[in-house]
Amino acid sequence: MFLYALIGGLIGTRLWYILANLHEFLAAGNFFEIIWAMISVWDGGLAVQGGVLFGVITALIYYNVQSTVF
């Protein structure tokens, strides 16, 4: 479960950053440059709030699928 929550949290950190700074990504140019800018984590841009939120959501989905009671 920890691995799933970690992966969900990492994806969530990037998604949260992209949504918070969407105007910067849309100004990147054509479609492929926008997608590349969204993928390029090494240029910076992770948001802790998204990691916590998506990590918890991923853990809840995991527990629901595995039918584990808290």
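The values are calculated or read from the model by the stated rules, or taken from the named source; none is laboratory data. None of the values given here were measured: they were computed from a predicted structure. With ideal geometry, Cβ positions are generated from the backbone for all residues, glycine too; neighbour counts draw on all protein chains shown. Just the protein is used for accessible areas: all its heavy atoms, side chains included, with ligands, DNA and RNA removed. Shrake-Rupley method; radii C 1.70, N 1.55, O 1.52, S 1.80 Å.
Before I look further, what does the chain give for accessible area per residue, probe 1.4 Å, in whole square angstrom?
Values: 5170 Å² over 70 residues.
The answer is 74 Å² per residue.
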Original post:
In terms of modelled amide H atoms, which long-range or inter-chain residues lie less than 5 Å from the amide H of Ala28?
Top reply: none
Subject >> Span-rule helices in the chain, defined as complete DSSP H runs reaching 24 Å or more along the axis (Cα) with Kyte mean at least 0.5 >> reply: 2-20, 48-66
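Where Lys and Arg each count +1 and Asp and Glu each count -1, what net charge lies around Arg14 among other residues with Cβ under 14 Å from its Cβ? Before the final figure, lay out the partial values.
Numbers: positive: none; negative: Glu24, Asp43.
Once all neighbours under 14 Å are counted, the net charge is -2.
In whole percent, how big is the carbon plus sulfur part of the accessible area of the chain, probe 1.4 Å, protein atoms only?
Working: 3810 of 5170 Å².
Carbon-and-sulfur percentage of accessible area, whole number: 74.
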**OP:** Divide the volume of the convex hull of the Cα atoms of the chain by its number of residues and quote the answer in cubic angstrom per residue.
**Re:** 90
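Among 38-48, 15-25, how do they line up from the highest to the lowest mean number of other beta-carbon atoms within 10 Å?
Working: 38-48: 12.1, 15-25: 14.4.
My ranking of the peptides, most packed first, is 15-25, 38-48.
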